[in-house]
Amino acid sequence: MYNLVDIHFHTDDSFDAFRNETFDVDKLISVLKDEDENYSVRLLCKTDHNRFNFKHYLSMAQKFSAAGITLLPGIEINATDNIHWIFIFDNTSVCEGVPEYDDYHGQTLDDKINEYFGYDAFDDGKNILKQAEVAQSASHEIKDFIKILHELNVPYIAIPHLNKTKGWYAQLKKDPLQLNIVEEYLNSNIINGFESKNQ
């Protein structure tokens, strides 16, 4: 039996997804559950652009779990040199806390992420999406984001999601400095991922 995995998908928490249709988690689950178990997705990761939204993750994770699918929490952040970083967080760690008071470790992480981007956390969901879209046009220092994860003791993996036509992807073959930076990341608890048919 295969264990199919999708480590990068967006929900309506991404400003550039589902603009012309409604995101329906139940419909998504039905698409992922194939009659043939060999073709069912067993694990996937919610990685919205510059937004975590722990409460939304938690409600989705419960629905996925009931369908036999593990949903991991994460985020996609744009950084320098046209790199987007996909961070996947340990689901056990973010779900620790006191459920009856909604006092979850993941909510603390969500608050810190909103602070990192400078979001007005008291705005409604639509305004947060607008703020996330503005954040998308800026470059963010990824080491500062990683520092937050270390301070909160959140286990994670980070995968560089490279632009196929510019940025690091185009520079790696001709720029030894950029290659050294990639090697440093790869040797520092970060794994490699290219969005490309050729990799």
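The values are calculated or read from the model by the stated rules, or taken from the named source; none is laboratory data. The shown structure was predicted, so the numbers you read here are calculated from the model rather than taken from an experiment. Reconstructed Cβ throughout: ideal geometry from the backbone, glycine too, with neighbour counts over all protein chains shown. The area values use the complete protein model at the heavy-atom level, side chains included, leaving out ligands, DNA and RNA. Shrake-Rupley method; radii C 1.70, N 1.55, O 1.52, S 1.80 Å.
With charges set only on the Cβ (+1 for Lys and Arg, -1 for Asp and Glu), what does the dipole of region 13-82 come to about its Cα centre, in debye to the nearest 20?
Dipole size: approximately 320 debye.
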How much of TYR104 can a 1.4 Å solvent probe reach, expressed as accessible area in Å² and rounded to 10?
30 Å²
